[in-house]
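What follows draws every value from the coordinates through simple rules; no lab data is involved. This one's a predicted model, so the numbers in the text were calculated from it and none came from an experiment. Cβ: placed from backbone, ideal geometry, glycine included. Neighbour counts: every protein chain shown.
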Amino acid sequence: MAAAYLLAVLLAIAPAASAAEASLDAFLRQALEAARSKHHVPAVAALVEVRGSAVAEAVGIRAEGHPETASVDDRWQIGSDTKAFTATLVARLADRGVLSLDDTLPRLLPAMAGAMDPAYRSVTLAQVLSHTAGLAPLTDGKELPAFMEVIRGAGDVRAQRAAAARHYLARRPASKAGGFVYSNLGYIIAGAIVEARTGKSWEELVREEVFAPLGITHAGFGPPGTSARIDQPRGHRPSPGGLGALDPADPLSDNPPALGPAGTINISLADWARFARDQMDGARGHGKLLSAAAYRRLQTPVTGNYALGWGAKLDASGTPVILAHTGSNGYWLADIRILPADGLIELVAMNAGDSDAQKALEEIQAALRERFKPQR
C-alpha cells in the first residue's frame with residue numbers, strides 16, 4: 001500500500017479503548033455491513049481485541065455470483081501486511097546470529113558483490129527493510145513486466161528471487177540511500193538474503209520461524225482456496241459489469257510468488273491476531289519470537305513513521321503508541337493496527353481492493369476510532 005496512505009493511518013491514532021465490550025460484536029457487524037453494502041464490497045471481515053477479549057465478524061459473500069457466505073474462519077490475502085512477517089523473520093535470524101541487520105549487502109550476498117553497483121556496497125539490511133536502500137519501488141503495474149522478464153526462466157522461486165537481487169543490485173539505485181521510497185523490491189531482496197543464508201525458501205522459513213512458534217495453522221501463500229469449489233473468499237477484479245471473482249489457480253489472481261516476502265501471505269483472522277498479539281507483547285517487553293532488543297529495533301521508525309515492516313509512532317519513552325500497516329494486491333485489501341498501551345488490536349480484511357473497497361476500509365476505521373475514542 002502506498003506510503004502516503006500509511007502515514008495518514010498513523011495520524012489518525014485512537015489512543016484509548018473506552019467503550020464497553022459487551023456490545024462490541026453487534027457494533028462491529030453493523031459497521032462492517034454498513035460499509036460493505038454502501039460500497040458494494042463482496043465480503044468484509046474484522047477482528048477487534050480489547051485487553052485480551054476478542055470478537056470477530058464477517059459479512060457478505062465469498063465470491064460474486066455465488067451464494068457461499070464469508071466466515072470468521074476464512075483466510076484472507078493480506079498483501080503488504082506480509083512485510084511485518086518478513087521483517088520479524090529477519091530479526092529472529094539476527095537474534096540467532098545467522099545475520100545482522102547492520103550487515104551490508106556485499107557481506108550478505110557475497111556471490112553478487114563483484115557485480116553490485118558501488119552505491120549499494122554500504123547499504124545495510126536494516127535500510128532494505130525500512131525502504132531507505134534506494135531500491136526501485138516495484139509497486140506500479142508498469143514495473144512488473146520488466147521484473148517478470150528478469151525472473152523468467154530462472155527456475156524455482158528461490159532462484160527467481162536470487163535472479164532479481166542480482167539484476168537490480170547491479171543497476172544504479174532508483175533513489176539516494178537514506179531517503180524513504182516504499183519498495184516491494186527491497187523485501188524480495190530481503191527474501192533472497194535469508195534464502196542464501198539458510199538454504200531454505202522464504203516460505204519454509206516463515207512457516208518454521210514465525211507460524212509454528214505462534215501456533216499459526218490457518219495460513220499460506222497466494223490466494224486462498226481451490227478452483228473446484230468456493231471454499232474460501234476469492235479476490236475480485238473490477239470489470240464492466242461490476243466486480244468479477246478470480247480463480248485462485250489463475251496466476252493472474254495474485255502477484256507472482258517471487259514477490260512473496262513483500263506481500264503474498266493469506267491467513268485467518270484468529271491466526272493473524274496471534275501474530276499481532278506477539279508484536280503487542282514485544283512492544284511491552286515480553287514477546288515470544290524475539291528478544292526485547294529485537295522488538296525495539298523492529299518497531300522503531302528509521303525515517304518518518306516507517307520502522308522495519310511496520311508503520312510506527314512512539315511515545316516519549318520510545319514505546320510504540322501504534323503499529324500499523326495496510327496491504328493490497330489490487331484484488332484484496334487488509335489493514336492491521338496495534339495500540340500496545342491500550343491492549344487494542346484491529347484487523348480488517350476484504351476480498352476486493354479497488355477504490356470502493358478503500359472507501360469501505362476508511363469508513364470502518366472511522367467507526368472504530370469513534371468507538372475507541374480517547375478518554376479525556
Thr226 to Arg197: extension gain in nm, 0.36 nm per residue of separation minus the Cα-Cα distance?
-> 7.1 nm
Helix-only CD estimate at 222 nm, as mean residue ellipticity for the chain, using -39500 (n - 2.57) per DSSP H run (n ≥ 4) | -10500 deg cm²/dmol
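Give me the number: length gained by fully extending Arg171 to Glu204, i.e. 0.36 nm times residue separation minus the C-alpha to C-alpha distance, one decimal in nm.
Extra length from Arg171 to Glu204 when fully extended: 8.9 nm.
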So, relative contact order of the chain in percent, Cα under 8 Å, 6 or more apart, is 28 percent
Looking at (i) 20.7; (ii) 23.8; (iii) 21.7, which value of Kirkwood radius over Cα pairs in Å comes from a calculation on the structure shown?
-> (i)
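Could you work out the local net charge near Gly287, counting Lys and Arg as +1, Asp and Glu as -1, over the other residues with Cβ closer than 14 Å to its Cβ?
Summing Lys/Arg as +1 and Asp/Glu as -1 gives +3.
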Sort out for me the Cα centre separation of the range 285-312 from the range 227-276, rounded to whole Å.
-> 27 Å
Point-to-point label distance, Ala292-Ala249, nm (Cα→Cβ direction, 7 Å offset) | 5.3 nm
Residues of the range 168-188 with amide N under 16 Å of a point placed 7 Å along Cα→Cβ from Ala119 | 168-183, 185-186
Counted neighbours (other Cβ, 10 Å), sorted fewest up, put His167, His286, His66, His131 in the order His286, His66, His167, His131
Under a Cβ-Cβ cut-off of 13 Å, what is the net charge of the residues other than Pro173 that fall near it, where Lys and Arg count +1 and Asp and Glu count -1?
-> +3
Computed label-point distance, nm, for sites Thr300 and Ala341 using a 7 Å Cα→Cβ extension | 1.9 nm
Count the net charge of all other residues whose Cβ sits under 13 Å from the Cβ of Gly222, scoring Lys and Arg as +1 and Asp and Glu as -1.
-> -2
Plugging the Cβ-Cβ distance of Met148 and Asp73 into 1/(1 + (r/R0)^6) at R0 = 30 Å yields, to the nearest 0.05, a FRET efficiency of 0.30
Go ahead and run the numbers for FRET between Ser23 and Ser239, Cβ-Cβ distance against an R0 of 35 Å, rounding to 0.05.
-> 0.35
Ranked on Cβ counts within 10 Å of their own Cβ, fewest leading, Ile336, Ile230 go Ile230, Ile336
Taking a threshold of 23 Å on the Cα-Cα distance, which of the pairs Lys313/Lys373; Lys288/Lys373; Lys142/Lys359; Lys142/Lys313; Lys142/Lys200 fall above it?
-> Lys288/Lys373; Lys142/Lys359; Lys142/Lys313; Lys142/Lys200
Return Tyr120, Tyr168 ranked ascending by Cβ neighbour count within 10 Å, so the fewest neighbours appear first.
-> Tyr168, Tyr120
Once the piece of chain linking Ala159 and His66 is laid out straight, how much longer is it, given 0.36 nm per residue of separation minus the C-alpha distance between them?
-> 29.6 nm
